[in-house]
Each structure stands twice: as structure tokens, then as C-alpha cells.
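Report on the structure given below.
The values are calculated or read from the model by the stated rules, or taken from the named source; none is laboratory data. Treat the numbers as computed from the prediction; the structure is a model and nothing was measured. Note: ideal-geometry Cβ built from the backbone for every residue, glycine included; neighbour counts use all protein chains shown.
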Amino acid sequence: MIIMPRPPFVHFPGALYHITARGNNQEKIFLQSKDYEKYLKRIKEVKEKFPLKLYAYCFMPNHVHLLVEAKKVPVSRIMQALQTGHAMYFNKKYNHLGHVFQGRYFWFLVEKENYLLELLRYIHLNPVRAKIVDEVEDYLWSSYREYISGEKKPLVEKKEILEYFSGSPVKAVGKFKEFIQAGIGVKREDIFSEVVRESFLGSTKFVSRLENEALNGVNRG
């Protein structure tokens, strides 16, 4: 049996990625509230410099989750700016030597039509499943509060996501809450078992197309 290597990073405008960046040796990358605030501010700055769509985020003590859709600039370039900035800040503040993150961030490319909402739920439920908080809205460092608040200029693509649930903003928020809450107490989604070559999550047709492009060197980031 031939084991295919993980393909190089694939980029094209509209590509949806679930991205995880973990602390080196599973160590914490956020030690104080100020650290979370700095990372959030850095995302805002990077988002202004390199336009992209951000659908969800969750900053856990030793790792981060991002659900992002690329535009013209490859997400690989955006993540480099994010990770380098946080590592420099962390090392300086805590007089830390060595790597802050465990190698390069981990990514897989997602078929938006089939997996966007499930990944959105998975990301927002991380703090509850890790038993850091009892209720999703109690966690300060995820995008969940942006979705259920009346914030006019959220960092995430709130309007686009809520329209999946209802054309009425009020009803949409209610249904969004119900959708997220429905995952509490349920066994973790097994969608990750469907990831192909540690890189692609989607239908057979979707995965085949992206595998061919990756092998042929098309749209590399």
C-alpha cells in the first residue's frame, strides 16, 4: 500500500480552512487576560491588512482555533504574521526562550456547504467540553458572544452565518443558540474522521479535485 504524503498548502480565493495552532509541548500560550486581548487585537490588525473572512475563533489556554475563508492573500501568509507576532510578544513579556508554538500551525481545507456550521459548533463548544466553563456564553475568548450580541461591527462574519438560520435577526440568534447548545453533552463530532490525508474535509468530488490540484502544484500558498 502506498501512503500518500500530506500535500503542500493549497490556496484559492474562497477556500475555507479550519486552523489550529498549539503551544510547544502542549504548554500554555496565554497566561493572563492581557495575552488573549493581545492575540485578539493582532487578529483585528491582520484582518485589516490582509482581508479575509473570519467565521469563528476560540482561544484556549494552550491552543487556538480559527475558521477562516481566504481571499486574495493566502492564509499561510496571514498565519505567519499572527504566530510570529504572538511568539515575539510572549517571549519578550515572559522572558521565554525557545519555541512558543508546536511547529507550524495545523490546517485542513473544508467543503463549506457541508461542514461550515458543524465546525462552527465544534469550535465554540471547546471551552465547555474542556470543562473550563459550564455555559458557552461564559467563555470570554471565543466568537460566540459576538454572534448572540447586538454588536454592530463584529470581527466575525456574523450576518452571513445567522442568515443560515433565519431571515429575521432575532429568530436567527435564537436558532443559532439552539444549534450550538444542542451539541453540549453529545459525543464530540466525528467529522474529523472524514479528513483525507490530514488535509481535506468534504465530499469525494471535492477532495479529488483538491488532491489533483495539490499534486500538480496548482494554487499552492
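Name every residue in segment 197-221 that is buried (at least 18 other Cβ atoms within 10 Å of the Cβ) and modelled with pLDDT of 75 or more, in order of residue number. Residues satisfying the conditions are Ser199, Phe200, Leu201, Gly202, Phe206, Val207, Leu210. Could you check how many residues of segment 19-35 are at negative phi and over 15 Å from the mean Cα position of the chain (by Cα)? So the count comes out to 11. The condition of being among the charged types (D, E, K, R), under 21 Å from Val68 (Cβ atoms) and assigned to a helix (DSSP H, G or I) holds for only one of Glu198, Glu178, Glu151, Glu146, that being Glu146. Considering the conditions (1) touching a residue at least 60 places away in the same chain (Cβ under 8 Å); (2) under 23 Å from Ala70 (Cβ atoms); (3) of a type outside the set (Lys, Arg), Tyr164 is excluded by exactly one of them, (1). For segment 106-130, taking the residues that are more than 12 Å from the chain's Cα centre (by Cα) and outside any helix (DSSP H, G or I), the one that is surrounded by the most Cβ atoms within 10 Å (Cβ to Cβ) is identified as Glu111. Only one entry of Ala70, Ala56 meets the criterion of being over 16 Å from Lys38 (Cα atoms), in contact with a strand residue (DSSP E or B) (Cβ under 6 Å, 6 or more places away or on another chain), buried (at least 21 other Cβ atoms within 10 Å of the Cβ) and among the small types (Gly, Ala, Ser), and that entry is Ala56.
Taken as a whole, the structure leaves Glu146 outside the set of residues that are over 14 Å from Gly183 (Cβ atoms), acidic (Asp, Glu), touching a residue at least 40 places away in the same chain (Cβ under 8 Å) and surrounded by fewer than 21 Cβ atoms within 10 Å (Cβ to Cβ). For segment 175-185, the criterion of a residue being surrounded by fewer than 14 Cβ atoms within 10 Å (Cβ to Cβ), closer than 17 Å to Lys53 by Cα and at pLDDT below 95 is satisfied by no position. Scan segment 47-76 for residues that are in a helix (DSSP H, G or I) and under 15 Å from the mean Cα position of the chain (by Cα) and jot them down. Residues satisfying the conditions are Lys47, Val75, Ser76. Scanning segment 44-81 for residues that are modelled with pLDDT under 95, within 24 Å of Arg121 (Cβ to Cβ) and of a type in the set (A, V, I, L, M, F, W, C) yields a count of 5.
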